[in-house]
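Participant: After the structure tokens below, expect a handful of questions from me.
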């Protein structure tokens, strides 16, 4: 069932049992930490949950006391603006951990939805903390992840504040190609099918705007579509195109976020 596009406010949300954070400073940098052996230890012997496309895992305001590990499929972390527009903060692929955006007493700040049929495992936060206490390298990785998260957050703010829509789209396609791409005769094919509406949620643009921008890139020979509607990109061509369009002078209006 589709998650409603509403802004929820839960000032009196119940505090989850176990360990919680009372501010945001320590709860922004966990996801890049969970790889390799530590991740395998956390999900070992825990049950898997199957999700249908469009199924919600948690919603804004839900009590945050667990993380989730992706075994297969694709999921999105979404926030909703005051105007009711959904924006995708992250796309979660197999072996990613998600749900770590906030363990504050105000509840979750985002909502997670399956883009395609997926399989996940739930990990309780107390188990996570126990592993961190017993693993010095994991604590060091956490410090590194804090810096990476702050850098990513700054870049995302800069993109929405400064970049024009085409720039946002090209950067998104390049990132999708890097994260999900496979080499084919047509270029780097993005392995997962994303609807234009979902791409619009990533770059903060309406579906019809995304359609027009994609058609422009296709006419330039920088992207193509396969028979299964997946996008194949010319990564080097897109990089050259991005360098060219970002070198153009910006008007005052162009430095404002566009829908």
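The values are calculated or read from the model by the stated rules, or taken from the named source; none is laboratory data. Note that the structure is a prediction, hence the values are computed from the model and not measured. We place every Cβ from the backbone using ideal geometry, glycine too, and count neighbours over all the protein chains shown.
Participant: State the number of residues belonging to segment 126-143 that are touching a helix residue (DSSP H, G or I) at 6+ places or on another chain (Cβ under 8 Å) and either part of a loop (DSSP other than H, G, I, E, B) or modelled with pLDDT under 80 (or both). Reasoning before the result, please.
Facilitator: First, the residues of segment 126-143 that are touching a helix residue (DSSP H, G or I) at 6+ places or on another chain (Cβ under 8 Å): 127-128, 131-132, 135, 138-139, 141-142.
Now restrict to residues that are either part of a loop (DSSP other than H, G, I, E, B) or modelled with pLDDT under 80 (or both): 128, 131-132, 135, 138-139, 141-142.
So the answer is 8.
Participant: Answer with yes or no whether residue 63 is in contact with a strand residue (DSSP E or B) (Cβ under 6 Å, 6 or more places away or on another chain) and on the phi < 0 side of the Ramachandran plot.
Facilitator: Criteria not met by residue 63.
Participant: If you don't mind, another one. Does residue 84 satisfy the criteria of being assigned to a loop (DSSP other than H, G, I, E, B), modelled with pLDDT of 80 or more and not assigned by TED's automatic domain parsing to the domain that holds residue 200?
Facilitator: Numbers: assigned to a loop (DSSP other than H, G, I, E, B): yes; modelled with pLDDT of 80 or more: yes; not assigned by TED's automatic domain parsing to the domain that holds residue 200: yes.
In short, yes.
Participant: Okay, next question. How many of the residues making up segment 46-65 are buried (at least 19 other Cβ atoms within 10 Å of the Cβ) and in a strand (DSSP E or B)?
Facilitator: 3
Participant: Let me ask you something else. Name the residues in segment 216-231 that are out of contact with any strand residue (DSSP E or B) (no Cβ under 8 Å at 6 or more places or on another chain) and modelled with pLDDT under 95, would you?
Facilitator: Filtering segment 216-231 down to residues out of contact with any strand residue (DSSP E or B) (no Cβ under 8 Å at 6 or more places or on another chain) leaves 216, 219-221, 227-229.
Of everything in segment 216-231, those that are out of contact with any strand residue (DSSP E or B) (no Cβ under 8 Å at 6 or more places or on another chain) and modelled with pLDDT under 95 turn out to be 227, 228, 229.
Participant: Would you tally the residues in segment 72-81 being modelled with pLDDT of 90 or more, part of a strand (DSSP E or B) and surrounded by 16 or more Cβ atoms within 10 Å (Cβ to Cβ)?
Facilitator: We begin by selecting, within segment 72-81, every residue modelled with pLDDT of 90 or more; these are 72-76.
With the extra rule that they be part of a strand (DSSP E or B), the set shrinks to 72, 75-76.
In the following step, the residues that additionally are surrounded by 16 or more Cβ atoms within 10 Å (Cβ to Cβ) were identified as 75-76.
Total meeting the criteria: 2.
Participant: Within the bounds of segment 107-125, is there any residue that is modelled with pLDDT under 80 and farther than 15 Å from residue 49 by Cα? Step through it out loud before you land on a result.
Facilitator: At the first step, the residues of segment 107-125 found to be modelled with pLDDT under 80 are none.
No: zero hits.
Participant: Would segment 180-191 turn up any residue that is outside the structural domain of residue 117 (by TED's automatic domain parsing), under 14 Å from the mean Cα position of the chain (by Cα) and either modelled with pLDDT of 90 or more or closer than 17 Å to residue 234 by Cβ (or both)?
Facilitator: The answer is yes; a qualifying residue exists.
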